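Visitor: Got a structure for you, written out below as structure tokens; questions coming shortly.
The values are calculated or read from the model by the stated rules, or taken from the named source; none is laboratory data. This is a predicted model, so every value here is computed, not measured. Cβ placement follows ideal geometry from the backbone for every residue including glycine, while neighbour counts extend to all protein chains displayed.
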Amino acid sequence: MSAETNAYSHAESFRWWIGDPEMSDEEAHLHDLLALHKATVELIRQQRDLLGYFDTDAELFGDDPDVD
């Protein structure tokens, strides 16, 4: 199993919003994945700053429109 496959498996099994009566399971899963995305971006920024490899988000993430 690769690191990416393992990460995918963890992301797929993350459930925080599932069971919220105000949204469908599909919508809840989307909110779960968005929460993981935001957390991952922040962790990547912190690691970038620690290592000093990249000066800006543009250098690190390229033109990814989903990076806040």
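Visitor: Output the number of residues of the range 15-38 satisfying the condition of being over 25 Å from residue 67 (Cβ atoms), outside any helix (DSSP H, G or I) and charged (D, E, K, R).
Guide: Total satisfying the criteria: 2.
Visitor: A further question on this structure: With 64, 68 as the choices, which residue is within 14 Å of the chain's Cα centre (by Cα), loosely packed, with under 10 Cβ neighbours inside 10 Å and at pLDDT below 90?
Guide: Exactly one of 64, 68 is within 14 Å of the chain's Cα centre (by Cα), loosely packed, with under 10 Cβ neighbours inside 10 Å and at pLDDT below 90, namely 68.
Visitor: Could you please find all residues in the range 17-38 being among the charged types (D, E, K, R) and surrounded by 14 or more Cβ atoms within 10 Å (Cβ to Cβ)?
Guide: 32 - this is the single residue of the range 17-38 that is among the charged types (D, E, K, R) and surrounded by 14 or more Cβ atoms within 10 Å (Cβ to Cβ).
Visitor: Among the residues of the range 39-61, write down those that are part of a loop (DSSP other than H, G, I, E, B), hydroxyl-bearing (Ser, Thr, Tyr) and surrounded by 10 or more Cβ atoms within 10 Å (Cβ to Cβ).
Guide: 53
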